[in-house]
Structures are given as structure tokens and as C-alpha cells.
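K.L.:
Below: one structure in C-alpha cells.
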Amino acid sequence: MKKLLLATTATALMTGAAFADGHANTVKIGVILGFTGPLESITPQMADGAELAMKEVTDSGLLLDGATVESVRGDSTCVDAGAATAAAERLVTSDKVNAIMGADCSGVTGAILQNVARANGIVMVSPSATSPGLSTAEDDGLFFRTSPSDARQGVIVTNILQDRGVNSVALTYTNNDYGKGLADAFQAEFEAAGGEVTISAAHEDGKADYSAEVGALASAGGEVLVVAGYVDQGGSGVIRGAIDSGAFDTFYLPDGMVGTKLNDVFGEELNGSFGAYPGTDSEGAATYGEMAKAAGYDGTSAFSAESYDAAALIMLAMQAAKSSASADFKDHIFDVANAPGEKIFPGELDKALKLIAEGQDVDYVGASAVELVGAGESAGNYQEIEFSDGVYSTIKYR
Amino acid sequence: MDFLNAIVALANFVIVPGMAYGAQLALGALGVTLIYGILRFSNFAHGDTMAMGTMFVILITWGFQSAGISFGPLPTALLALPFGIALTGLLLIGTDKMVYQFYRQRKVKPVVMVMVSLGVMFIMNGLTRFIIGPGDQRFADGERFIISAREFKAMTGLKEGLAIKTSQGLTVVTAVIVVAVLFWFLNRTRTGKSMRAYSDNEDLALLSGINPERVVLYTWLIVAALATVAGTLYGLDKSFKPFTYFQLLLPIFAAAIVGGLGNPLGAIAGGFVIAFSEVTVTYAFKKVANYVLPDALAPDGLAQLMSTDYKFAVSFSILIIVLLFKPTGLFKGKSV
């Protein structure tokens, strides 16, 4: 009995030591996304994307002398700034993450940036916050995004509508930073190009009834209804009401509205509607799609590729700085993301890590053709989609 | 012709959706008001009771659908409704035995009961998400429209379409039937009378030999039926998502209070007042005005009294005004 006890204690001590050893060489990246809330149907694929990149790096064993990268998930809820801040605070102070991949929605991203990231000096790379406001937010050089600002999307929407000869639209947006930002950016751009926005009406998410909004939109009229909302939330509710009452037949769907759920919920009813969401026809996107398939999730889901890229950028910058501390690697994100250097596609993170360790430059292209501009945001590539036979498919890249 | 177009446009975007939404709110508010009147507390768990009831109905509907049972042009969910009501009834009675009874026997203050119902709300909220998930669920089938906008235009030759969804028609018809049965029950049957007696004066009711536990039991059963019917109709008309049902609680309470808490007639009136105030005050009358008024007078703007952002402000302003001038609500209820 005594021997057994002794052996157990010894083993316990040894494992303890082994754990401690492991911890010394672990890099933790917080994945803060709205696992509940308006984006809950696309966030799992986003987290999978980020974690796929982390697994790739861990398996290569090349990051900072064989560090293991660990993902710690947190729920941003997408809409509740208080809850998101608390989740981020927990990741930073108790889980001690080295960087944050997130958040997803613009409002909570801004809140986390100001309350947690800047306060603790933690780098944040958001895959999907697109509010133009974040371009000018004070960030101490800590904030980056692999998604483009909606100012860019406003131009894209205008181009697509005008190419189709649409000159008069009604506009509804979800009443938050993302919706308002996109709606304003689009309206300014569209009117400057000679188009007419008959009404710009906000809708609240998660409400019981959208008849009032649909009524006002229908009364104002327009050839197309632009729905700057969320697919899991009011956006779908407004579309449902507009189709049922015969107010509009054709819809323009910006990034937050594109999701396979549309096929399931509306199908044929959306035939002829169109839209665009970030995406690229670069070979990286295809490679990433294959990798995601092999890993068992849908890599074409909105912002999944951007999430992979966000996580990859964080880790490559760490390698370039030879440190996992945010203060050290925040200045290296631009270097690894942009030219000059060898182009890096998804699945080639091991090659990139090796090149950086050898002191060479890399130009991370990744799954979404990342090119950082301005204050550290993606220049933006969009794929135009159109509904026919009840499903949407990509028809063009812009 | 223009005048007809104006009426149709108004009907399509204001009257029909307002009626359906009003009926849904009225059914929800009836449940809240009954509990307030008879059990004497504001039941915050009502929205989530509706969600759970609807969840049962959805699960059974899916069972029917996969077994190939359908209800012709009507949604299969109607067939599943009685089973859903039975399950919800069991759930509510179980909750009462496990939670509310304990506090009722101690004769705690109403505010304690309200807090207890808040706890029940969170548990039901979690259970619903745990069982059916937080996302949207679709369970509507059968014919979608009684008349669609396109058919109406072809039929009448008018420029404006009028769409009436099956779910909207069904909601109004069911609401009328349910309300009629409820009033008959409350006014004509022995159990209904004993419930009203218990509501009016608990001590007198006890003296005259009314069994309080029986009254409580029947109340929960009726509430279960009302909540399940309201939730299912709402789900058929819009969509089922647990979070939306939780949010429904606010307009439902507003409806019950405007009408007069504890007064069933008031709950119905309140439901329609809230629904129509949300839809009409924020409606852009441009289209209607363009049809009715001569060209010279037609408005350039949207002719919208308030932007749709303010629709909740409207219903709550009405709530406050009513409470200021008639603290017991439009119909004489109990003062809050």
C-alpha cells in the first residue's frame, strides 16, 4: 500500500511537472465570437477556421521553438457589449491569452477594444467587424481586421446595383453600429452616383413583429429592397414580411445577410435577389475550402476564411517578433500580411514559419487574399451572389 | 379605382398584419391576466411558457410530418396542438407543485412570486434552448396563402395587392373561438364561477367551500392552453425562435396592463391597441395619400408621423398615458 501511494504521488508530481513544462511553451489565442445571438449560425464555422490555423501551426512545431497553440473560446453575444467585455476580460486576465481573434460584430468589437484590449495591451484581429467607425477608433496599434470596412462595401453595393440598372431602392438596416455604418456608407455612395434611396428605416433585431417596418418600406417604394441586417435576426423577418405582403420581390443582401439559412428558409422565393459578401477567387480560397471540408466543416460560410487568416496573421507575427507578447508582435502584423516576400496560402503556414525563422520576408495571402491597408484593415474582395432555383451561388468576384 | 387602391394598400400593410399581431398579443395577454387575476402575481415566465408549448407542438408536428400525417391545406401543427397543450399543462402543473405551491402556502408577497416566476422563466428559457436549440425552427406546412398579393391583383385588376396568409386568417379565427370558449367557461360553468369567486375574494371563496387547489389547477391548465395556442399561432405566422418569444413578453405585458390586469376583456382590447399603435403611428401614408388626394395635394415626403425606430416608444407612451389617467387600465382591472 505504501509503495502504491508513493508511486501515485511520484506520478502525480511528474505529470504536474510535465504540465508546467507544457505551459511554458503554450501560446493561447482567445477566440471571441457571438456563439449565441444574431450571428450564431455562422460563428461555429468561423471558430473552426481560426482553430484550423492554430492546429496547423501546432502540428508543424515550428512556432517559437515548438510552441503549442491553444484556443480559448469566449462568447461575444454580438449585441451585448457588457457581456462581451466580461468574456474578453476573463480570457485576458484569467486565461491569460496572448492575443484575441475577434470579435465578430462591430459594436462589441469596439467595446472590447476600448475596455479590454487597450487596457491590457492585447492585440485583437477581427475577422468580421466591418463598421467604418473602427477605422478611426483609437487602438494604440493593437487592432487589425481581415475584413474590409463597410465604406468599401458601400461602393461595391452601389456598383452592383448600377450594373443591373437599379436606380431607386428602399433601405432597411439593423439598428446597431454595423447596420447604421453600412447604411450610411451605402446611401452616401449611391446618392453620389445618382441613385435614389426612397427611405432608410431601421429595424430592431429579435422583435416580435415587423409589419410596421414593412409597411413603411412598401409605401416609400423602390425597385429593390436593400436589407443591411442579420440573417438570423430581423433581416430575415423583414424579408419574410416583404415577400408575404407582396411589397418587394427583389432584395439586395449585404454580407451579414448571406448565409445558407436563406436557402432553407426562403429558397425559391428569393429567386432573382442578389448580393455580395467578402470572398475571393484567389487559389487560397479554394485550398481553404478543401481543407475545411477535410476538417469537417463548411469553409465557404461567411467570414470563415477571414477567421483562419486572422488567427494565421497573429501567429506569423509572433514568429516574426520572436515573442508571443502582444507588445512585441503588434508591429509585425503589417510586415507578414503585405508584400514584399514569398506568397503564403492556406495550408502553408509551416513554410511561412520556417521562412520567417530564417529571417526572410513573407506576404501572407491566405484564404481571403489579405492585403492590409489604412489603419490595419483588409482592402476587401467581394463575391457577388445571385439566387436562382432556390439557392444562391457566386457569379462574379469584385 | 384609386380609392379602392388606397383601401387595399392600407388593408395589406396595416389592417391585416395588425389584426393578426393583435390577436396573438391578445391570446398571450389573456394568459398573463388570468394568472394575475386568480393567482395574484405577474408571471414573467409566460413568454417562455409559450416558447416551451410551441416547442412541444413543433416536435410533435415533425413526428406527424415524418409519419406522413397532414391536415390538408391547414398546417399540421393544428393537429399537434392538443398534444402540445396537454404536455404544457403537465409542465405547468409540475412547476406549480414544485415551485409556486411552496410560496403560495406561505402566503408570500406578490413581489416574491414575481421573482420566483423570473427564476422559472430562466429555467424554461434554458430548457427550450437545450432541447430544440436557439435557432429558428420551421414547422409551417399546408397552403401558405388564403390569397396572395399576385392572385389578388390578377383577380381584381387593381394596382395594389392584398395578401392574407393562412396563418393570419387562422390566428384571428382561432383567437375568436378561444376567447368565446374562455368567456363561456368563466361565466357559465361551475368551475369558471368558482375561479372568478376565488379571484374576487379569496377568503369568501374558501368559506363557501371552493377548493383552492382545484382552482389553481384549472387556472394553470387554461393558461397552458392559451400559451400554447398563442405561441403556435405566432410561430406559424412569423417563425419560432426562443429568443423572440422571450422578447414577446414586453408587448404582452403592455397589452395586459393597458387593458386592465386581471380583466380578460381588457387583455383582448389591450392586445389590439398595442398592435395597431405599433403599426399605424409609424406607417408611411405616402402611398395611400397619393391614391386618395388630388395630384396637387399629394405629399412629396413619406407622410410618416414617426420613424419606425419609435414604434416601441409609441406603445409604451400609450401604456404610461393609460396608467396616468386610468391606473386600473382601460377596462376596470386591478390596480398595479
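The values are calculated or read from the model by the stated rules, or taken from the named source; none is laboratory data. In this text the structure is predicted, and so the values were computed from the model without any measurement. All Cβ positions, glycine included, derive from the backbone under ideal geometry; neighbour counts span all protein chains shown.
K.L.:
Residue pairs, Cβ under 6 Å, 6 or more apart or interchain, first in the range A:235-259 and more than 18 Å from A:Tyr178 (Cα to Cα) and assigned by TED's automatic domain parsing to the domain that holds A:Leu225, second of a type in the set (Asp, Glu) and surrounded by fewer than 23 Cβ atoms within 10 Å (Cβ to Cβ). List them.
P.N.:
Every condition considered, the pairs that remain are A:Ile243/A:Glu269.
K.L.:
When you go through B:Leu162, B:Leu221, B:Leu186 one by one, which is the residue that is surrounded by 14 or more Cβ atoms within 10 Å (Cβ to Cβ) and within 27 Å of B:Leu4 (Cα to Cα)?
P.N.:
B:Leu162
K.L.:
Could you pull out the residue among A:Ala327, A:Ala339 that is part of a loop (DSSP other than H, G, I, E, B), more than 18 Å from the chain's Cα centre (by Cα) and touching a residue at least 24 places away in the same chain (Cβ under 8 Å)?
P.N.:
On inspection, the qualifying residue turns out to be A:Ala339.
K.L.:
Failed condition for B:Gly133, given (1) surrounded by fewer than 14 Cβ atoms within 10 Å (Cβ to Cβ); (2) of a type outside the set (A, V, I, L, M, F, W, C); (3) within 13 Å of another protein chain (Cβ to nearest Cβ); (4) touching a helix residue (DSSP H, G or I) at 6+ places or on another chain (Cβ under 8 Å), with all others met?
P.N.:
B:Gly133 satisfies all of (1) surrounded by fewer than 14 Cβ atoms within 10 Å (Cβ to Cβ); (2) of a type outside the set (A, V, I, L, M, F, W, C); (3) within 13 Å of another protein chain (Cβ to nearest Cβ); (4) touching a helix residue (DSSP H, G or I) at 6+ places or on another chain (Cβ under 8 Å) except (4).
K.L.:
Applying the selection to the range B:1-24, what residues are of a type outside the set (S, T, N, Q) and closer than 14 Å to A:Tyr210 by Cα?
P.N.:
B:Phe13, B:Val14, B:Ile15, B:Val16, B:Pro17, B:Gly18, B:Met19, B:Ala20, B:Tyr21, B:Gly22
K.L.:
Has the range A:301-322 got at least one residue that is among the charged types (D, E, K, R) and either surrounded by fewer than 17 Cβ atoms within 10 Å (Cβ to Cβ) or not in a helix (DSSP H, G or I) (or both)?
P.N.:
Checked against the condition, which is being among the charged types (D, E, K, R) and either surrounded by fewer than 17 Cβ atoms within 10 Å (Cβ to Cβ) or not in a helix (DSSP H, G or I) (or both), the range A:301-322 yields at least one hit.
K.L.:
Does A:Val214 satisfy being buried (at least 24 other Cβ atoms within 10 Å of the Cβ) and more than 8 Å from chain B (Cβ to nearest Cβ)?
P.N.:
No: the conditions fail for A:Val214.
K.L.:
In the set A:Ala202, A:Ala193, A:Ala129, which member is touching a Ser or Thr at 6+ places or on another chain (Cβ under 6 Å) and under 30 Å from B:Phe240 (Cβ atoms)?
P.N.:
None of the other options fit; the residue is A:Ala129.
K.L.:
Regarding A:Asp249, is this residue within 26 Å of B:Phe145 (Cβ to Cβ), within 12 Å of chain B (Cβ to nearest Cβ) and of a type in the set (Asp, Glu)?
P.N.:
yes
K.L.:
Moving to a separate point now. Those residues that are out of contact with any Phe, Trp or Tyr (no Cβ under 6 Å at 6 or more places or on another chain) and either under 24 Å from A:Arg73 (Cβ atoms) or surrounded by 24 or more Cβ atoms within 10 Å (Cβ to Cβ) (or both), I need them from the range A:328-340; list them, please.
P.N.:
Correct list: A:Phe329, A:Lys330.
K.L.:
Let me confirm something: among B:Gly89, B:Gly94, B:Gly37, which residue is over 30 Å from A:Tyr210 (Cβ atoms), without any contact (Cβ under 8 Å) to a residue 24 or more places away in the chain and away from every other protein chain (no Cβ under 14 Å)?
P.N.:
Only one candidate qualifies: B:Gly94.
K.L.:
Sort out which residues of the range B:124-154 are assigned to a helix (DSSP H, G or I) and small (Gly, Ala, Ser), and write them in order of number.
P.N.:
Answer for the range B:124-154, where residues must be assigned to a helix (DSSP H, G or I) and small (Gly, Ala, Ser): B:Gly126, B:Ala149, B:Ala154.
K.L.:
Additional query: How many residues are among the small types (Gly, Ala, Ser), at pLDDT below 95 and either within 16 Å of B:Thr166 (Cβ to Cβ) or buried (at least 20 other Cβ atoms within 10 Å of the Cβ) (or both) if we restrict to the range B:54-94?
P.N.:
4
K.L.:
Tally up the residues in the range A:65-84 that are β-branched (Val, Ile, Thr) and touching a Ser or Thr at 6+ places or on another chain (Cβ under 9 Å), please.
P.N.:
So the count comes out to 3.
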